[in-house]
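Q: Quick one: structure below, then a few questions.
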């Protein structure tokens, strides 16, 4: 669904990482390689802990971001550039990395945690840090699934270059949707922005949106269905009050309708809230002793890169104190 060129990162992995060992008892397994997970890796490794990182990629949602203007130290940096800098720091420590892979089940057996992965590996550790982040929310409308990768996308940063001088549509009204529309407006001939109720983006982004003539906003509309055989041909939208619908001819549809936490693999191991986010206290501790969580997968209100990094550091430091005080 999301296509990102990670060849350079893969080459770095081959040269510098430790081979994961299924027979080894790790001090900590960190699940997720976004800003929170990578920061936790660095802090845990600096404490001389034996660390295994399991992740699909290094960067997480940062890789989907075209430009970042609010990460301290950089007035502007692209998402892939920032992810590369994070990964270089991770690679400077003796950390085992299982990638690309993902965790499908976690369980506690006696004193230790057992982690099972999608590609058949099993690892064990004294403690866990969950930094699995979130993934794009699907709309569940007709033809969305069938046309994913054929005009339906969840990543403007990845796929925007495919729509030079074409017509596109973005669904959503938050920061990610407005950013996607602004990015597409530099490439596409016309961008439709479909917003259910009101635009909830930061004021600086809203100002840019209002100054961009290539973006046409449909306020008070929701997507009903997608038309197309081999590729997206149009998007059917309807007013939220049900008073009418329109068909928008478009070559591509970018869905920015929010994110859902990656917590299904936990199977009730820790407590979550109504959004399925992991509930943590101010020290990144969960309801289960030995399990810590950080980043967007938790109930921490603000979802920002710099906050995820801070939470990753806190989780690793709290974990270290836990291991030093626990006889396991």
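Read-outs throughout are calculated quantities, based only on the coordinates presented, and are distinct from any laboratory measurement. These figures come from a predicted structure and were not determined experimentally. Glycine gets a Cβ as well: all are built from the backbone with ideal geometry, and neighbour counts include every protein chain shown.
Q: Would you mind checking the tilt of helix 305-325 against the longest principal axis of the Cα atoms of the chain, expressed as 0 to 90 degrees and rounded to 10?
A: Between helix and principal axis, roughly 20 degrees.
Q: Be a star and scan segment 154-190 for residues whose amide nitrogen sits under 17 Å from the point 7 Å along the Cα-to-Cβ vector of residue 76.
A: From segment 154-190, the list is 157, 179-187.
Q: If you line up the long axis of helix 7-16 against the longest principal axis of the chain, both from Cα atoms, how many degrees apart are they, to the nearest 10?
A: So the helix axis and the longest Cα principal axis differ by about 0 degrees.
Q: Given the chain, report the % of alpha carbon pairs whose separation exceeds 25 Å.
A: Roughly 53 percent, rounded to a whole number.
Q: May I pose another question? Nearest-5 percent of antiparallel DSSP beta bridges in segment 192-305?
A: Numbers: 13 of 18 bridges.
Roughly 70 percent of the beta bridges in segment 192-305 run antiparallel, per DSSP.
Q: Points 7 angstrom from Cα along the Cβ direction at residue 25 and residue 89: gap in nanometres?
A: Each label point lies 7 Å from its Cα, and together they span 3.2 nm.
Q: Any idea what angle helix 175-185 forms with the longest principal axis of the chain, computed on alpha-carbon atoms, 0 to 90 degrees, nearest 10?
A: Result, in degrees: 50.
Q: Counting only helical runs of four or more DSSP H residues, what would the 222 nm mean residue ellipticity of the chain come to if each run contributes -39,500 (n - 2.57) and the total is spread over all its residues? Intermediate values should be presented prior to the final figure.
A: Numbers: 7 runs with 78 residues, N = 328.
It comes out at -7000 deg cm²/dmol, rounded to the nearest 500.
Q: Take the alpha-carbon centre of segment 174-188, take the same for segment 266-293, and report the distance between them in whole Å.
A: Cα centres, segment 174-188 to segment 266-293: 34 Å.
Q: Additional query: Have a look at the DSSP beta bridges in the chain and tell me what percent are antiparallel, nearest 5.
A: Numbers: 27 of 62 bridges.
Around 45 percent antiparallel, to the nearest 5.
Q: Then there's this: Need one number: nm distance between label points at residue 246 and residue 69, each 7 Å from Cα along Cα→Cβ, rounded to one decimal.
A: Between residue 246 and residue 69, the simple spin-label model gives 2.8 nm.
Q: What is segment 152-255 by shape, rounded, prolate or oblate, if you read a ≥ b ≥ c off the alpha carbon gyration tensor as root eigenvalues and call it rounded for a/c under 1.5, prolate for a/b larger than b/c, and oblate otherwise? The partial results should precede the final answer.
A: Values: a/c = 1.80, a/b = 1.06, b/c = 1.70.
Note, shape of segment 152-255 comes out oblate.
Q: Contour minus end-to-end for residue 107 and residue 135, with contour as 0.36 nm per residue of separation and end-to-end as the Cα-Cα distance? Intermediate results must be reported in sequence, preceding the final value.
A: On the way: separation 28, 0.36 × 28 = 10.08 nm, distance 2.26 nm.
Additional length available on full extension: 7.8 nm.
Q: Here's a follow-up. So what's the gap between the Cα centers of segment 90-137 and segment 43-87, to the nearest angstrom?
A: Value for the Cα centre distance between the two parts: 18 Å.
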